[in-house]
Structure formats: C-alpha cells, structure tokens
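Comments concern the structure below.
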Amino acid sequence: MTFTLITAVQMGLTGLGNITDFETNHQFVIHVLSMDTTFKTTMWRAISSPAVATVTYVAIIVWELAAAALLFAAAFMWMRPGTDRHRETARQLSSAGWLMWVVLFGGGFVAIGNEWFSMWQSETWNGLQAAFQNLVIAAIGLILVHLRPARTAVEQCEAA
C-alpha cells in the first residue's frame, strides 16, 4: 500500500508540475521531436510541427494524471478492510497504474524518444536517466504487487 501511495503522489506531482510549469517540459518535447540537438544523421525522423509537439505533450500530461488516479484509487483500496475482493481490486489498479508508467517511460521515452528521436545524442535535452528511473520504479511496483503473499501460520497448519 505504501509503495502504491508514494508512486501515486510522485506521478500526481509530475502531472501537476507539467501543468503549472507547462513551458519547461513543453520545450523538452519540442526539442526531442525536432531532433535539433542531435548528430543530424537521422533527421528524416524529426517532427518539427509545434502543434504535434503540443498535442504530444498534453497527451503525456493526461497519461500521467490517469496513471496517478489509478494509483490513488489502488492505494485507497489497499487501505480498506482486507477482503480478498478489495485486495484483488487494489492489485489490479496498482498493476494498471504501473503498466501505464511502463508504457510512458519505457515505450514513450526510452524506446521512442531515446531511440527513434535519438534523445541520447543530445547533451541538453536528454531525459533517458529520469525515464529509466521511472521505468525501474514501475517495474519494482509490478514485481511487488504480483509476489505471492506469505501464508500465515494458521494457513500453513490448515494446508498440512
């Protein structure tokens, strides 16, 4: 429950920060898509349309806020009295939220931003480290939520 809540807060603050300081990361998306600080060997991949960059950035923000909402809902479910149904719902919501992180940070930033748009070549607009950190956080959450819970002493005796 704690990890779910912490990551919900993190993603919520990320989305809120992108709304309240819109232009900072908007510039990041513009520069990554336009590939204007890369080695120029694959410029045919570049997207220099400001409208496409803005739509992409707004979609990222909406995705972040949706992931945060799922994780907040999951944290709420983890806090409810422990029926199997509540735990399963919490597990599913947590999984969905962290899978959204995997899609955003692994698919969007690491695969597309870093590899397709050559973000790794830029000294100024390189978000690979932050993307990878968030990808690892989501992976840890997914692993933890899908670990088989330890059986209690009573359950062990009943099974014997």
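The values are calculated or read from the model by the stated rules, or taken from the named source; none is laboratory data. What you see is a predicted model; the values in this text were computed from it and never measured. Ideal geometry is used to build each Cβ from the backbone, glycine not excepted, and the neighbour counts take in all protein chains shown. Only protein heavy atoms, including side chains, enter the accessible area calculation; ligands, DNA and RNA are left aside. Shrake-Rupley method; radii C 1.70, N 1.55, O 1.52, S 1.80 Å.
Mean separation of Cα pairs under 8 Å and 6 or more residues apart, divided by the residue count, gives region 15-160 a relative contact order of 25 percent.
Compute the angle between helix 22-34 and the longest alpha-carbon principal axis of the chain, please, reported from 0 to 90 degrees and rounded to the nearest 10. Once rounded, the angle reads 70 degrees.
Summing Lys and Arg as +1 and Asp and Glu as -1 over all other residues whose Cβ lies under 15 Å from the Cβ of Asp36 gives a net charge of +1. Here, P(r) means the percent of Cα pairs in each 10 Å bin from 0 to the largest distance; for the chain it is 11, 34, 27, 16, 8, 4, 1. Each residue was assigned an accessible area with a 1.4 Å probe, and for Thr89 the value is about 50 Å².
Rg and Dmax of region 36-95, both derived from C-alpha coordinates alone, stand at 19.6, 58 Å. Share of pairwise Cα-Cα distances greater than 14 Å in region 10-49 is 53 percent (whole percent). Estimated at the nearest 10 Å², the accessible area of Asp21 is 80 Å² with a 1.4 Å probe.
Just so you know, the Cα atoms of region 1-82 work out to an Rg and Dmax of 16.9, 58 Å. The C-alpha atoms of the chain define a longest principal axis, and helix 2-20 lies at about 30 degrees to it. In this structure region 3-53 gives 54 Å² per residue of accessible area when probed at 1.4 Å with all protein chains present.
Computed in the context of the full set of protein chains, the accessible area of the chain at 1.4 Å probe radius has 69% of its extent on carbon or sulfur.
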